[in-house]
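For reference, the structure is listed below as structure tokens.
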Amino acid sequence: MRRITLVIALVAVVMLTACAQNKKGKDMEKKTLVAYFSATGTTAEAAKKLAAVTGGVLFEIQPVQPYTDADLNWRDKESRSSVEMKDKSSRPAIKNKVENMDQYDTVYVGYPIWWYIAPTIINTFLEQYNLEEKTVIPFFTSGGSGKGETMKYLTPSAPKANWKEPLNLNRKSESEIKEML
């Protein structure tokens, strides 16, 4: 009888240890987030392709007050986007949040290039979360300019993140994105 009890106890310990290891392994699995802001749909298209290639979870950064065509008129110095971009401390409000940001270890952050940098709503997004020790990989789309001084203005919004160089995903196919990565 003692032997049977001992065997049952031993089997129970082994099973509990295996379950604990399995749970720990699942908790250790981290995911990729592909967060993006898109005013005209171009960056949204790039983000969807990137999410398909990486298996990442797609998240649209949505402003509380959506941008109108008049807001985006870069030729008008009084347009909303022009005013926001002149003031580097501008932080347009975001209406949605990422649920459980802790589950992600890699965060791709996408945006169009405005005035040679990321729109300030991207700083709003970055400052909402603790990105310490997360890998943050910016990606951008542009009508013709490069990354400009993007990193100079983004990195202070998440200073303890593990930043990577921005990816230009302008008009890139999924296969081109896969090759880039």
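Things worth noting here:
- Scanning the stretch 106-129 for residues that are open to solvent by 40 Å² or more (accessible area, probe 1.4 Å) and either touching a Ser or Thr at 6+ places or on another chain (Cβ under 7 Å) or of a type in the set (A, V, I, L, M) (or both), we see that the one that is farthest from Arg91 (Cα to Cα) is Tyr116.
- The stretch 155-168 - residue that is over 13 Å from Glu132 (Cβ atoms) and of a type outside the set (S, T, N, Q) and, of those, surrounded by the fewest Cβ atoms within 10 Å (Cβ to Cβ): Glu165
- In the condition set (1) assigned to a loop (DSSP other than H, G, I, E, B); (2) loosely packed, with under 15 Cβ neighbours inside 10 Å; (3) modelled with pLDDT of 95 or more, Arg171 is compliant with all but (3).
- Leading residue by the ranking (surrounded by the most Cβ atoms within 10 Å (Cβ to Cβ)) among those in the stretch 135-154 that are under 12 Å from Glu165 (Cα atoms) and touching a residue at least 60 places away in the same chain (Cβ under 8 Å): Phe140
- The lone criterion from (1) farther than 17 Å from Ala46 by Cβ; (2) modelled with pLDDT of 95 or more; (3) open to solvent by less than 30 Å² (accessible area, probe 1.4 Å) left unmet by Glu132 is number (3).
- Any hit, the stretch 69-77, residues being at pLDDT 90 or above and under 19 Å from Lys30 (Cβ atoms): no
- Close pairs from the stretch 61-83: first under 18 Å from Lys95 (Cα atoms), partner open to solvent by 90 Å² or more (accessible area, probe 1.4 Å) and of a type in the set (Lys, Arg), Cβ under 9 Å, at least 6 apart: Gln62/Lys95; Pro63/Lys95; Val64/Lys95; Gln65/Lys95
- From the list Met101, Met28, Met85, the lone residue that is modelled with pLDDT under 95, under 23 Å from Met151 (Cβ atoms) and under 24 Å from the mean Cα position of the chain (by Cα) is Met85.
- If you go through the stretch 27-47 and keep only what is part of a helix (DSSP H, G or I) and surrounded by fewer than 16 Cβ atoms within 10 Å (Cβ to Cβ), you end up with Asp27, Met28.
- Some residue of the stretch 81-88 being closer than 27 Å to Glu179 by Cα, polar (S, T, N, Q) and surrounded by fewer than 21 Cβ atoms within 10 Å (Cβ to Cβ): no
The values are calculated or read from the model by the stated rules, or taken from the named source; none is laboratory data. Source: prediction; values computed, not measured. We place every Cβ from the backbone using ideal geometry, glycine too, and count neighbours over all the protein chains shown. The accessibility values were calculated without ligands, DNA or RNA, using every heavy atom of the protein model including side chains. Shrake-Rupley method; radii C 1.70, N 1.55, O 1.52, S 1.80 Å.
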